[in-house]
Amino acid sequence: MAPHPEGGWYRETWRHEQFVDTGQGRRRLATCVSFLLQPGEVSAWHRVRSPELWLWQGGGPVIVSTGGTGNAPGKAVAHELHVGGQHLVEPDEWQTARPAGDEATLMACVVSPGFDFADFSLFDDVAFDDGIAS
């Protein structure tokens, strides 16, 4: 796995062989990565132009928080994923994630149309707040 710019670790595991034209250019029909967060690691607030399906794969539970589609993350809504858990993040919706406890957590993230770093943006000007009291 390689370090991800948002934090955590990732490895692309699948790219659909077909392409689709989008307003941002040609993209794979869909892509999937494995995404790992170690205890204490946080996925920074970010957004992707395509819908992203988070699927819990193993380890401890994960908190995936969403914060609207405005110019900056808004009030966070937290979603805890564990065995069998999944959550769909809408296109351009701000999102962040962290392990819910002291165990690493592994997710699969499926993006369609497929992920491209040209469609990804980080929000660097806000401290991490996932709406969950520690």
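Each reported figure results from applying straightforward, stated rules to the coordinates on display, with no laboratory input. Bear in mind that the values here come from a model prediction, so they are computed numbers and not experimental data. Using ideal geometry, Cβ is built from the backbone for each residue, glycine included, and neighbour counts are taken over all protein chains shown.
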Can you tell me which residues in the stretch 25-38 are in contact with a strand residue (DSSP E or B) (Cβ under 8 Å, 6 or more places away or on another chain), more than 14 Å from Met107 (Cα to Cα) and either surrounded by fewer than 18 Cβ atoms within 10 Å (Cβ to Cβ) or of a type in the set (Gly, Ala, Ser) (or both)? Arg26, Leu29, Ala30
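Are there any strands (runs of 3 or more DSSP E) wholly within the stretch 25-134 with 1 or more residues that are touching a helix residue (DSSP H, G or I) at 6+ places or on another chain (Cβ under 9 Å), and if so which?
Result: 25-28, 43-48, 105-111.
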Quick one: in the stretch 1-24, of everything that is assigned to a strand (DSSP E or B) and of a type in the set (Asp, Glu), which residue is surrounded by the most Cβ atoms within 10 Å (Cβ to Cβ)? Glu12
Output the residues belonging to the stretch 1-39 that are in contact (Cβ under 8 Å) with a residue 24 or more places away in the chain, small (Gly, Ala, Ser) and under 25 Å from Ala72 (Cα atoms). Gly7, Gly8, Gly25
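Please verify whether Glu90 is free of Cβ contacts under 8 Å to residues at least 40 places away in the same chain, surrounded by fewer than 18 Cβ atoms within 10 Å (Cβ to Cβ) and touching a Ser or Thr at 6+ places or on another chain (Cβ under 9 Å), treating the condition exactly as stated. Spell out how you get there, then give the answer.
On the way: free of Cβ contacts under 8 Å to residues at least 40 places away in the same chain: yes; surrounded by fewer than 18 Cβ atoms within 10 Å (Cβ to Cβ): yes; touching a Ser or Thr at 6+ places or on another chain (Cβ under 9 Å): yes.
Taking the combined requirement at face value, the residue satisfies it.
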Please determine, by comparing only the residues of the stretch 6-65 that are under 11 Å from the mean Cα position of the chain (by Cα) and of a type in the set (Asp, Glu), which one is nearest to Pro99 (Cα to Cα). Glu6
